[in-house]
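Enquirer: After the structure tokens below, expect a handful of questions from me.
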Amino acid sequence: MATSSTQIFHSLRHPNASLSTNSSSSNARTFLASVRVSLGFSRRLKSGFQLPSTQFRALAMVKDGGEKTGDRTLIDDSTDAFKSQVEDKIQERDFAGTPYVPVYVMLPLGVIDTNSELVDPEGLVNQLRILKSIYVDGVMVDCWWGIVEAHSPQVYNWSGYRSLFQIVRDLKLKLQVVMSFHECGGNVGDDVHIPLPAWITEIGLTNPDIYFSDREGRHNTECLSWGIDKERVLKGRTAVEVYFDYMRSFRVEFDEFFEDGIISEIEVGLGPCGELRYPSYPAKHGWKYPGIGEFQCYDKYLMKSLMKAAEVRGHSIWARGPDNAGSCNSAPHETGFFRDGGEYDSYYGRFFLNWYSRTLVDHGDRVLALANLAFEGTCIAAKLSGIHWWYKTASHAAELAAGFYNPANRDGYAPIAAMLKKHETALNFTCVELRTLDQHEDFPEALADPEGLVWQVLNAAWDVCIPVASEKALPCHDREGYNKILENAKPLNDPDGRHLSAFTYLRLSPVLMETHNFTEFERFVKRMHGEAVSDLQVNPKKQASSGKDDQVAP
């Protein structure tokens, strides 16, 4: 899988002790709940509204003595004391006997080179044998559009993938395959560059509006604009026809792997990084975490769609993007559109955001309908990004810019979940390993809440009864991170017994294969599978490798 969007924001977080609880530790759970209330943590109600609280934006920039900045009350140094008490009381949960959650491992981005040849097959076989030895269920691999259909329309080269799939089948592993219709490169963790097909970029030279564009007219070549989903601008084909032809070719080419059950799931790329979102925070255009990002609807095709929607609404003057939404690195309170009481909640703002988010849902609807035709009888999945920064503000500005209409008084993920349900598509969600307290510690100004976001999105999917899978957003080799993943994978005391349908680890690398890291990963796999481990600890400390450990022998 290409680097998830949530990998971009930072890599210098400080892992703290897990906030997992043991089923017999009711006192610890009560204490933890009181701490979260004291720190102003809010949780979404099923209706999508947040609990009213004057502490809603308490997690702002920390200064000595609880100083106030503007209208945001800031917490004081007692946060550390609270965290210390929590860490002293929490014990790892025992996941023995819990539901079996399959574990997959993402293969390196460049496992297939730009000539569609398998890189280092012998080394890969050795690594896959090691994964098989600890009962990893399978691997995930990107099938890059820019490699397979690189030079001419409807001329596909699947040779490298066939070699790879044969190795996976021989080892009796499963495959999650991603239809990667986006560019690789430019994001944190992207160690190779795979552009869109050359024949696509040639079209883009004379018609750059096939790409998303921001208000300044900067085009983003990561993926195609949804404005051309139904426009015949790709040498006589629409974008969705191009996607369908590619998926159909894959299904025919690898029929035997479908029939044998080796391919367990197809994840359909729906935007940048394969995620269903607008490319609202491109690093290549200078975005830095925790910037709110920018609306990406200024190509001529999406603007034509906006004009039509405004005319239908009876207000042609609304056929424009917001002119007071700041720049990609703005904070919400610095803009007239996203600030509290801002234009995002005006008649025009609600019209624009409804159109913007509906365009996202409609894109997913069109592509997934064709994916189900191409892969009938196979599990289909779509990936959603975890945009957790500014979650503790009223507007949820970063989510709005990315196409998720999820302000404090509206559930923006329910329409997406309903669309996925329509196509019986599983949801793959990121950032399940992130802890809100860590975000507050590292970037207090971001008002982030990954735990609140995960809770909201997972429940939106579970409420419509679709499978929910997940993958990591950041590299993780420590027990604290694994414990957080387990906590989200198998919620404690859920009355409906809900749990993740699968988990995908980011990613196979020499660091993972270092002896200590691999031992910790093996322990995690056992717990995801519901097996017993003998070394449950109280307040486990970080045990990440120094990077000098030995490699696991095949």
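The values are calculated or read from the model by the stated rules, or taken from the named source; none is laboratory data. Since the structure is predicted, the reported quantities are computational estimates derived from the model, not experimental observations. Ideal geometry is used to build each Cβ from the backbone, glycine not excepted, and the neighbour counts take in all protein chains shown. These accessible areas exclude ligands, DNA and RNA; they are computed on the full protein's heavy atoms, side chains included. Shrake-Rupley method; radii C 1.70, N 1.55, O 1.52, S 1.80 Å.
Enquirer: Pick from region 131-157 the residues that are more than 27 Å from the chain's Cα centre (by Cα) and in contact (Cβ under 8 Å) with a residue 60 or more places away in the chain: which of them is nearest to residue 262 (Cα to Cα)?
Expert: That would be 156.
Enquirer: Could you grab me the full set of residues in region 368-391 that are closer than 15 Å to residue 454 by Cβ and either part of a helix (DSSP H, G or I) or touching a strand residue (DSSP E or B) at 6+ places or on another chain (Cβ under 9 Å) (or both)?
Expert: Within region 368-391, 383, 384, 385, 386 qualify.
Enquirer: Report whether or not residue 371 is surrounded by 24 or more Cβ atoms within 10 Å (Cβ to Cβ), in contact with a His (Cβ under 8 Å, 6 or more places away or on another chain) and over 18 Å from residue 281 (Cβ atoms).
Expert: Yes, satisfied.
Enquirer: Something else now. Looking at residue 337, is it of a type in the set (A, V, I, L, M, F, W, C) and open to solvent by less than 10 Å² (accessible area, probe 1.4 Å)?
Expert: yes
Enquirer: Of all helices (runs of 4 or more DSSP H) completely enclosed by region 412-528, which ones contain at least 3 residues that are within 22 Å of residue 395 (Cβ to Cβ)?
Expert: It comes to 414-422, 436-442, 450-463.
One line per residue, one yes/no per condition, for (1) open to solvent by 30 Å² or more (accessible area, probe 1.4 Å); (2) modelled with pLDDT of 95 or more; (3) closer than 12 Å to residue 432 by Cβ; (4) not charged (D, E, K, R):
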| residue | (1), (2), (3), (4) |
| --- | --- |
| 504 | no, yes, yes, yes |
| 518 | no, yes, no, yes |
| 523 | no, yes, no, no |
| 546 | yes, no, no, yes |
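Enquirer: Of everything in region 406-440, what is farther than 23 Å from residue 501 by Cβ and out of contact with any Lys or Arg (no Cβ under 8 Å at 6 or more places or on another chain)? Give them in sequence order.
Expert: Scanning region 406-440 gives 406, 407, 408, 409, 410, 436, 440.
Enquirer: Return yes when residue 479 is in contact (Cβ under 8 Å) with a residue 40 or more places away in the chain, surrounded by fewer than 24 Cβ atoms within 10 Å (Cβ to Cβ) and within 30 Å of residue 510 (Cα to Cα) and no when it is not.
Expert: yes
Enquirer: Now for a separate question. Please list, ordered by first then second residue, the pairs with beta carbon atoms under 9 Å, 6 or more apart or interchain, first in region 232-248 and free of Cβ contacts under 8 Å to residues at least 12 places away in the same chain, second among the β-branched types (Val, Ile, Thr).
Expert: Short answer, once both residue conditions are applied: 232/238; 238/228.
Enquirer: How many residues does region 293-321 contain that are among the aromatic types (Phe, Trp, Tyr) and in contact with a strand residue (DSSP E or B) (Cβ under 9 Å, 6 or more places away or on another chain)?
Expert: So the count comes out to 1.
Enquirer: For residues in region 238-294 being polar (S, T, N, Q) and surrounded by 17 or more Cβ atoms within 10 Å (Cβ to Cβ), which is nearest to the chain's Cα centre (by Cα)?
Expert: Among those that are polar (S, T, N, Q) and surrounded by 17 or more Cβ atoms within 10 Å (Cβ to Cβ), it is 280.
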